[in-house]
Amino acid sequence: MELNEKNLFNLFAVPFKNEGYELIDVKFGKSGSNKIIKLFIFNHRGIEIEDCISVNKLALEIIENKGLDINNYTLEISSP
């Protein structure tokens, strides 16, 4: 699977929804020389740091299960 915004959105949307989060957007970016994958999530009750931690763990499990290589990226989870 090619590592791009559309593919990652499709990969994460349903599992996140199953955990009570809506995936709003996936963006690739850079901060200096660091590559970043940003996942923006929503929940009607708001997003707390614990939500970001939980979604980060879920995203990393999915990435590992799919055999994707994101070693050159930092994964960030936030609300829009």
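Things to note:
- Exclusive hit being in contact with an Asp or Glu (Cβ under 7 Å, 6 or more places away or on another chain) and among the charged types (D, E, K, R), set 66, 30, 38: 38
- Against the test of being modelled with pLDDT under 95 and at negative phi, the options 23, 8, 39, 3 yield a single qualifying residue, 3.
- In segment 1-26, the residues that are in contact (Cβ under 8 Å) with a residue 40 or more places away in the chain form Cβ pairs under 6 Å with partners that are loosely packed, with under 14 Cβ neighbours inside 10 Å, at six or more places apart or across chains, as follows: 24/80.
- Identity of the residue in segment 22-80, open to solvent by 30 Å² or more (accessible area, probe 1.4 Å), of a type in the set (A, V, I, L, M, F, W, C) and assigned to a helix (DSSP H, G or I), that ends up farthest from residue 2 (Cα to Cα): 49
The values are calculated or read from the model by the stated rules, or taken from the named source; none is laboratory data. Every value quoted in this text rests on a predicted model; they were computed, and no experiment measured them. Every residue, glycine as well, gets a Cβ built from its backbone with ideal geometry; the counts of neighbours run over all protein chains shown. Keep in mind that these areas ignore ligands, DNA and RNA; they rest on the heavy atoms of the full protein, side chains included. Shrake-Rupley method; radii C 1.70, N 1.55, O 1.52, S 1.80 Å.
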